1. Choose one of Val209, Trp92, Leu8: the residue whose Cα lies farthest towards the positive end of the charge dipole of the chain (beta-carbon charges +1 Lys, Arg; -1 Asp, Glu; about the Cα centre).
2. With each pseudo-label sitting 7 Å past Cα toward Cβ, what's the Glu199-Ser49 distance in nm, one decimal?
3. Please report the antiparallel percentage of the DSSP beta bridges confined to the chain, to the nearest 5.
4. Assign unit charges at the C-beta atoms only (+1 for Lys and Arg, -1 for Asp and Glu), then state the dipole size of the chain relative to its Cα centre in Debye, rounded to the nearest 20.
5. With only Lys, Arg, Asp and Glu charged, each at its Cβ (+1 for the first two, -1 for the last two), find how big the charge dipole of the range 204-258 is about the Cα centre; round to the nearest 20 debye.
6. Out of the trypsin sites (Lys or Arg not before Pro) in the range 147-243, which ones are loop residues according to DSSP with at most 16 other C-beta atoms within 10 Å?
7. Taking amide hydrogens as modeled 1.01 Å from N in the peptide plane, which residues meet the under 5 Å criterion relative to Val55, leaving out close sequence neighbours?
8. Which value in nm describes the separation of the simple spin-label points at Phe35 and Leu68, placed 7 Å from the Cα toward the beta carbon?
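Bear in mind these aren't lab numbers, they're just calculated from the coordinates by the rules spelled out. Remember, predicted model here, so these are calculated numbers, not experimental data. Positions of Cβ are generated from backbone atoms using ideal geometry, with glycine treated the same way; all protein chains shown enter the neighbour counts.
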Amino acid sequence: MTAHHIKLEKTGDGIAILTIDRAEKRNAMTYAMLFAFIEKVRDVSADDSVRVLIVTGAGGTFCAGTDLADLSTIPGETRGVRGEAHEGDVWWPLVSCPKPVIGAIDGYAVGMGAEFSSQCDVRIITPRTRFAWNFAHRGLVPDTGAGSWLLPRLIGHSRALRLLYSGGFLEAEEALQIGYANAMAEPETLLDTAIAEAERYLASSPFSVRRMKALVYEGLARDLPEHMQAHVTALSACFKSADHKEGVASFLEKRPAKFTGR
């Protein structure tokens, strides 16, 4: 219940597509699938040939959350959590990934699926997409911590708390209206739309994109002086990079840049 349910395709043009493929269970995640998912994201993170990651689900569903039948095999009073608090890529694999992450989200994104959607940098949905952080219905808090940390910063504290308290659905139109989703496509064009979005990022320097992503997410937990110190460090590194040299040269020579990420 690992390799054939978590599929990673590298297109060869800098885009990787990670698919949760257990459609008969609405892509509900077992622990084995979760750790396979984390390992695939680590693979993408370490692969310089991959510039953008798209995360999606098979069969008209993104992810219906944790497979409760699998979860119930271990009694709650003896069940451990998935890792230590400092293990960022265990809890937030998609945030920890230094590449842009696009969620191509169709159908249900519930529980862990909603959490993973919050960890995506950009979310593209369909008219039938429905998000729900239904952890209160199971006597839990949001299982990766994204619902209690990232979600309020994405949509505001009051909206986030309303969703968390009720466990109710955030429907597609409202998700788009409040900015939680960035774009909407029909189910049959969802992946093509996500790929087109990913291709926009391929024109950018991987060296600077990696640092911008870190500045944005790490900046959520910093005060302004700390952020500016990190900013100065990142900007100084950019000035010294081969990508900056290439970016200037390509502009002056009126040609597309050929970035190496260095």
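1. Val209
2. A separation of 2.1 nm, rounded to one decimal place.
3. Given both bridge residues lie in the chain, the antiparallel proportion sits at roughly 30 percent.
4. It works out to roughly 500 debye.
5. 280
6. Passing both the DSSP loop test and the Cβ count: Arg222, Lys240.
7. Leu18, Ile102, Gly103, Ala104
8. Spacing of the two 7 Å Cα→Cβ label points: 2.5 nm.
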